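FYI, it's all coordinate maths here, none of it is from the lab. Bear in mind the structure is a predicted one, so any value in this text is a computation, not a measurement. In this analysis, Cβ positions are derived from the backbone assuming ideal geometry, glycine residues included, and neighbour counts consider all displayed protein chains.
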Amino acid sequence: MHGPASIRRGDPGPRAGHLAHGRALPHHAAYEGTIAACQGSLSRLGTDHLDLYLLHWRGPIPLEQTLAGFAELLRMGLIRHWGVSNFDEPDMRDLSQLPGSAGVQTGQVLYNLTRRGIEWDLLPWCQGYRIPIMAYSPIEQGELLDHPALRGVAERHDATPAQVALAWVIGHDNVNAIPKMGTPGHVYQNRAAVGIRLTPNDRYVLDEAFPPPFHKAPLETH
C-alpha cells in the first residue's frame, strides 16, 4: 500500500516523508510467507521495492522467522527498511534479543492525546534505544477536535485543533506521525503543525484535559 506522508520535526517540506510501505500480517510472517506477501504487494502496486515493510502485529509465528524473511527481502532489494506495528514494550524487548533486530527502523502504534498509554513504558524504552515511534491516528480520527481545551490552545496559536493535536504528538522526542492526507490542502495544513511550538502552559492545559497514564495498561489499537 502507498503510505501517507510522515510528519516529524525537521521536515523540509510537505512531500519529504512520503513513502511506499506494506504490512505483513501475522499469518504470513513465516520466512517464506513474509517474502511471498511482500512480492504480492509489489506486484499489486506495480513497483519494484517498498520503502518500509512492517510486521503488522505479533502472532504465533516465531519472530526469528520473520526477521530472516526481512533480511532476505533487504538482500534482494525488495525493501529498504523494516519495522513493527502494534508491538508493546515486552514485545520490543523480546525483539531486541534476536539476531538482526538492530535493523528495526520504527514501531508503529496508536498514539494521540486520548491514547497516551505508551508513555508508561513503550515510549521511554524506544526513546532509550532510539527506535522512532510512528504514531497512527494522531488526531483520534477527528473525535477529539471539539474539546474546549484543545480549541483554546489552537486559538492562542492561530491554528486549528487538528494542527495542535498533531503538534503535540510530534513534539515528543523520537516521535513522528502519519495523519491522513486526503487532499493537497490537508497535506499543507498538516505540514503547518511542524511550526507550532507549544508552551509549557499549553502542555499543562492539555495534560489536565487529557491526563498521562498512571499505570500500565494493555496496548491500544484501532
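Remarks
- For region 154-163, 3J(HN,Hα) per residue [Karplus equation, 6.51 cos²θ - 1.76 cosθ + 1.60, θ = phi - 60°, Hz, x = Gly/Pro]: 4, 4, 5, 9, 6, 10, 8, x, 5, 5
- Rounded tilt (10° steps) of 200-209 against the dominant C-alpha axis of the chain: 80 degrees
- Highest-first arrangement of 74-87, 163-176, where packing means the average Cβ count within 10 Å: 163-176, 74-87
- Equivalent ellipsoid dimensions for the chain as semi-axes, Å, which come from the Cα gyration tensor, largest first: 32, 20, 13
- Computed about the Cα centre, the dipole magnitude for the chain is approximately 480 debye when only Lys and Arg (+1) and Asp and Glu (-1) carry charge, each at its Cβ.
- In order along region 144-153, the Karplus-derived 3J(HN,Hα) couplings, from 6.51 cos²θ - 1.76 cosθ + 1.60 at θ = phi - 60°, round to 9, 6, 8, 5, x, 5, 5, 5, x, 5 Hz, and Gly and Pro are given as x.
- Less than 5 angstrom separates the built amide H of Ala24 from those of Leu54, Leu55, His56, all sequence-distant by 5 or more or on a different chain.
- Farthest toward positive dipole pole in region 114-167 [+1 Lys/Arg, -1 Asp/Glu at C-beta], among Val153, Ile118, Leu166: Ile118
- The charge dipole of region 73-148, taken about its Cα centre with unit charges on the Cβ of Lys, Arg, Asp and Glu (plus for the first two, minus for the last two), comes to roughly 480 debye.
- Counting DSSP beta bridges with both ends in the chain, the antiparallel % (nearest 5): 15 percent
- Between Arg116, Arg156, Arg191, the GNM of the chain built on Cα springs shorter than 10 angstrom shows Arg156 fluctuating the most.
- Taking the C-alpha atoms only, the angle from helix 31-45 to the longest principal axis of the chain is near 60 degrees.
- Hz values of 3J(HN,Hα) by residue in region 61-78 - Karplus curve (6.51, -1.76, 1.60), Gly and Pro given as x: 6, x, 4, 4, 5, 5, 5, 5, x, 4, 4, 5, 5, 5, 4, 6, x, 7
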